[in-house]
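The values are calculated or read from the model by the stated rules, or taken from the named source; none is laboratory data. The shown structure was predicted, so the numbers you read here are calculated from the model rather than taken from an experiment. So basically every Cβ, Gly included, is an ideal-geometry build from the backbone, and we count neighbours across all protein chains shown.
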């Protein structure tokens, strides 16, 4: 039996079969366990052949077993692969899956991971991260998204806004092409730091006329840009080249984060850079500090931030104070929540959580993030819900009574 996998790659190193998932995630299987299935050999990087005609089921079991030790090649962090048969729903968590905030923008999150270490990152993602990562099977994500779109029953925007860099997801172009085919999807927007893009990729992406790309560009000075990205290899000139090239082919938003003490003097230069580009909107963001983020300094008071926007608007004759109406955001149907804050819920632990010492529990086709909870697979727990807004659920282990 010959088994071919589009999203998997195989190679042999010493006494292990190295399995790479979606180019970024890796696990290893002892060759002795592969041999137990039957005589085998690698036909090509994506294909393994066994002399046993019922090998597929046994090899799938082997893959699932060792995917529990999946690692991120960039960071070495543990990874949870969420797929059709993982028993992990895609609604309930802000880090992966689908986030529906009862509005015409539906967020999807197929991956967590980043190739930068931006000083303002709200969840400390990047090459220095110690967070558990998630990657979602593309077809599973599309199937579950269709259910939400059918529920909403009106035109929507799909926003690909991940905790990290979305183009680390090897199936990203295919995902966007699947979204392009959906009649009810009017816009596809994606946030990116632009470092992984090239002209060939942009040409292919531009064939999706619903696509809008949102670029992070926090400075045009190479030293300041590298300081903010916290990566010496960060090439801001490459990002600028990708913005210039993409602007000729699709709508763009350039979204710098204003960080007091770091890049105030760069905003004028960023405005001047995009001034001559077609189809580009500038969306300046105010740096905010988060409990889970990196400390890049103090945030500007909102009054001071909006005062600066007004100054730049007058100086450059450019609209910078953007409202939700500028993005066509509308209120849509409320998705029913199976539980509310303070409810007591019986759930099952299914995988480690995003942060060290946390777990993901499942109940009523929703995930629940549980802090201060050691992960034990399939352990039954009783939780108290502490957050339920927008079908994003957080809980804590309920005190025994």
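Scoring residue 342 on the criteria (1) closer than 30 Å to residue 78 by Cα; (2) loosely packed, with under 14 Cβ neighbours inside 10 Å; (3) in contact with a strand residue (DSSP E or B) (Cβ under 7 Å, 6 or more places away or on another chain) leaves a single failure, condition (1). Here is a check on your reading of the model: is residue 77 farther than 29 Å from residue 329 by Cα, surrounded by 22 or more Cβ atoms within 10 Å (Cβ to Cβ) and touching a strand residue (DSSP E or B) at 6+ places or on another chain (Cβ under 6 Å)? In short, no.
Please verify whether segment 219-235 includes one or more residues that are in a helix (DSSP H, G or I), more than 24 Å from residue 121 (Cα to Cα), over 22 Å from the mean Cα position of the chain (by Cα) and touching a residue at least 40 places away in the same chain (Cβ under 8 Å). Give the steps one after another, and end with the answer.
Of segment 219-235, the ones in a helix (DSSP H, G or I) are 222-229.
Remaining after also requiring more than 24 Å from residue 121 (Cα to Cα): none.
Looking through segment 219-235, none of the residues is in a helix (DSSP H, G or I), more than 24 Å from residue 121 (Cα to Cα), over 22 Å from the mean Cα position of the chain (by Cα) and touching a residue at least 40 places away in the same chain (Cβ under 8 Å).
Filtering segment 50-59 down to residues that are touching a helix residue (DSSP H, G or I) at 6+ places or on another chain (Cβ under 9 Å) and surrounded by 15 or more Cβ atoms within 10 Å (Cβ to Cβ), which residue is nearest to residue 389 (Cα to Cα)? For segment 50-59, the residue satisfying everything is 59.
Test residue 293 against the criterion of being under 20 Å from residue 165 (Cα atoms), touching a strand residue (DSSP E or B) at 6+ places or on another chain (Cβ under 8 Å) and touching a residue at least 40 places away in the same chain (Cβ under 8 Å), and give yes or no. I'd like the intermediate steps shown before the answer.
Details: under 20 Å from residue 165 (Cα atoms): yes; touching a strand residue (DSSP E or B) at 6+ places or on another chain (Cβ under 8 Å): no; touching a residue at least 40 places away in the same chain (Cβ under 8 Å): yes.
In short, no.
I'd like to check something: does segment 257-267 contain any residue that is in contact with a strand residue (DSSP E or B) (Cβ under 9 Å, 6 or more places away or on another chain), part of a helix (DSSP H, G or I), closer than 15 Å to residue 321 by Cα and modelled with pLDDT of 95 or more? Scanning segment 257-267, I find at least one residue that is in contact with a strand residue (DSSP E or B) (Cβ under 9 Å, 6 or more places away or on another chain), part of a helix (DSSP H, G or I), closer than 15 Å to residue 321 by Cα and modelled with pLDDT of 95 or more, so the answer is yes. Identification of strands (runs of 3 or more DSSP E) wholly contained in segment 1-48 with 3 or more residues that are within 21 Å of residue 138 (Cα to Cα), modelled with pLDDT of 95 or more and in contact with a strand residue (DSSP E or B) (Cβ under 9 Å, 6 or more places away or on another chain) yields 8-13, 16-21, 25-30. Checking 121, 114 one by one, the residue that is over 13 Å from the mean Cα position of the chain (by Cα), closer than 30 Å to residue 219 by Cβ and surrounded by 17 or more Cβ atoms within 10 Å (Cβ to Cβ) is 121 and no other.
For segment 195-220, residues that are in contact with a helix residue (DSSP H, G or I) (Cβ under 7 Å, 6 or more places away or on another chain) and exposed (fewer than 14 other Cβ atoms within 10 Å of the Cβ) total 2. Does segment 326-337 contain at least one residue that is within 28 Å of residue 85 (Cβ to Cβ) and either assigned by TED's automatic domain parsing to the domain that holds residue 96 or surrounded by 14 or more Cβ atoms within 10 Å (Cβ to Cβ) (or both)? Within segment 326-337 (the criterion being within 28 Å of residue 85 (Cβ to Cβ) and either assigned by TED's automatic domain parsing to the domain that holds residue 96 or surrounded by 14 or more Cβ atoms within 10 Å (Cβ to Cβ) (or both)), the answer is yes, since at least one residue qualifies.
Taking the conditions exactly as written (in the same structural domain as residue 133 (by TED's automatic domain parsing) and buried (at least 20 other Cβ atoms within 10 Å of the Cβ)), does residue 37 satisfy them or not? Against the criterion (in the same structural domain as residue 133 (by TED's automatic domain parsing) and buried (at least 20 other Cβ atoms within 10 Å of the Cβ)), residue 37 does not qualify.
Whether a residue is modelled with pLDDT of 95 or more and touching a helix residue (DSSP H, G or I) at 6+ places or on another chain (Cβ under 7 Å) was assessed, and residue 62 passes this test.
Provide a single number: the residues in segment 49-81 that are more than 14 Å from residue 22 (Cβ to Cβ) and not in a strand (DSSP E or B).
In the first step, residues of segment 49-81 are kept if they are more than 14 Å from residue 22 (Cβ to Cβ); the result is 49-62, 64-66, 68-69, 75-78.
Remaining after also requiring not in a strand (DSSP E or B): 51-62, 64-66, 68-69, 75-77.
Adding up the residues that qualify gives 20.
On inspection, residue 196 qualifies as assigned to a loop (DSSP other than H, G, I, E, B), modelled with pLDDT of 95 or more and assigned by TED's automatic domain parsing to the domain that holds residue 90.
Listed here are the residues, each with its yes/no results for (1) without any contact (Cβ under 8 Å) to a residue 24 or more places away in the chain; (2) more than 20 Å from residue 163 (Cβ to Cβ).
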residue	(1), (2)
317	yes, yes
320	no, yes
327	no, yes
355	no, no
379	no, yes
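Taking the conditions exactly as written (farther than 21 Å from residue 225 by Cα, assigned by TED's automatic domain parsing to the domain that holds residue 126 and surrounded by 12 or more Cβ atoms within 10 Å (Cβ to Cβ)), does residue 245 satisfy them or not? Against the criterion (farther than 21 Å from residue 225 by Cα, assigned by TED's automatic domain parsing to the domain that holds residue 126 and surrounded by 12 or more Cβ atoms within 10 Å (Cβ to Cβ)), residue 245 does not qualify. Filtering 320, 277 for residues that are crowded, with 18+ Cβ neighbours inside 10 Å, touching a helix residue (DSSP H, G or I) at 6+ places or on another chain (Cβ under 7 Å) and modelled with pLDDT under 95 leaves a single hit, 320.
Conditions tested, residue by residue: (1) in contact with a helix residue (DSSP H, G or I) (Cβ under 7 Å, 6 or more places away or on another chain); (2) without any contact (Cβ under 8 Å) to a residue 12 or more places away in the chain; (3) closer than 30 Å to residue 231 by Cα.
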| residue | (1), (2), (3) |
| --- | --- |
| 72 | no, no, yes |
| 89 | no, no, no |
| 106 | yes, no, no |
| 127 | no, no, yes |
